[in-house]
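The values are calculated or read from the model by the stated rules, or taken from the named source; none is laboratory data. Values in this document were obtained by computation on a predicted structure and should not be read as measured data. With ideal geometry, Cβ positions are generated from the backbone for all residues, glycine too; neighbour counts draw on all protein chains shown. Protein only, heavy atoms only, side chains kept; ligands, DNA and RNA dropped before computing areas. Shrake-Rupley method; radii C 1.70, N 1.55, O 1.52, S 1.80 Å.
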Amino acid sequence: MNSGGEAKSLIVDLCRQFYTLGWVSGTGGGISIKENGKVYMAPSGVQKERLHIEDIFVLDEQGRILEMPQAEKKLKLSACAPLFLKAYELRGAGAVIHSHSIYAVLASLISEQEEFRISHMEMIKGIRGMGYHDTLVVPIIKNTAYEGDLTTSLEQAMLKYKSTFAVLVERHGVYVWGKDWKEAKTHAECYDYLFQASIELRKLGVSSNSFTCCIANNHT
Ligand SMILES: CSCCC(=O)C(=O)COP(=O)(O)O
Ligand SMILES: [Zn+2]
């Protein structure tokens, strides 16, 4: 029996929206939602802005497939499945977004010591538990040839950075999660804004990690 109509149609709608932001172009990226102990995700290698409700896979929390699209469609489960499942397992997430945003990719390259850092930006407050004066830190893991091979390093980053809601993947994109799809979306929008801000500030020769100090120094 088909179930989870709301989660399925949210994935279809949100992927269409994320496409317009450049987060899921070229078939990559996507969003998974967990609802009532069931996990929903898109197929692999398809245009994410043109999904149909019937294309969405349903899994249990262990990753066993409960429902899949009709066999004639020859659809495979998203290669991001093990990474989405890791966020559910380790972080109690209710939704996970994988974005290929160019800002995430560039942020993964301009940062030092395997961490993206930014402080003194209003949008930091959009990340749960963070205040304007806090420094937002996002771990960066190395990319691998296959999406699934990122799972071990994503897990290590989640264990090391206990309070992060995002992990950047160098030259690839970012995984972002939240307690439900609304929080995951808010987080993803704030992170993306902060990645872009950091890149633009870098172009202006301003450090995004000590913005206040730079401004202050310019005035002395
Ligand atoms: C050009 S997409 C390369 C593969 C990738 O990074 C990805 O996120 C694939 O996700 P999918 O859900 O299509 O398996
Ligand atoms: Zn990807």
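Numbers below:
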{"read-out": "For segment 142-212, the Rg and Dmax computed from alpha carbons only, in angstrom", "value": "14.0, 40"}
{"read-out": "Distance histogram for the chain (every C-alpha pair counted, 10 angstrom bins, percent rounded to whole numbers)", "value": "8, 35, 34, 15, 5, 1, 0"}
{"read-out": "Helix runs (DSSP H) in the chain reaching 20 Å along axis by Cα, Kyte-Doolittle at least 0.0", "value": "5-20"}
{"read-out": "Rh by Kirkwood over Cα pairs, then Stokes-Einstein D for segment 76-153 at 1.567 mPa s and 4 °C, µm²/s", "value": "90"}
{"read-out": "Unit charges on C-beta of K, R, D, E only; dipole of the chain, Debye", "value": "80"}
{"read-out": "Antiparallel DSSP beta bridges within the chain, as percent of all bridges there, nearest 5", "value": "95"}
{"read-out": "Values of log10 I(q)/I(0), in the order q = 0.26 Å⁻¹, for segment 53-118 under a Debye, Cα-only, solvent-free model", "value": "-1.16"}
{"read-out": "Value of relative contact order over the chain, rounded to a whole percent, pairs C-alpha under 8 Å and six or more apart", "value": "19"}
{"read-out": "Accessible area of segment 7-112 belonging to carbon and sulfur atoms, whole % at 1.4 Å probe", "value": "50"}
{"read-out": "In sequence order, calculated HN-Hα J values of segment 30-40 (Karplus, 6.51, -1.76, 1.60; Hz; x Gly/Pro)", "value": "x, 9, 10, 10, 10, 8, 6, x, 10, 10, 10"}
{"read-out": "For segment 5-203, accessible area per residue (1.4 Å probe, heavy atoms of protein chains only), Å²", "value": "47"}
{"read-out": "Segment 85-127 and segment 1-48: distance between their alpha carbon centers, rounded to Å", "value": "19"}
{"read-out": "Virtual spin-label span in nm between HIS133 and GLU61, 7 Å along Cα→Cβ", "value": "3.8"}
{"read-out": "Extension gain, LEU90 back to LEU21 (0.36 nm per residue minus Cα-Cα distance, nm)", "value": "22.0 nm"}
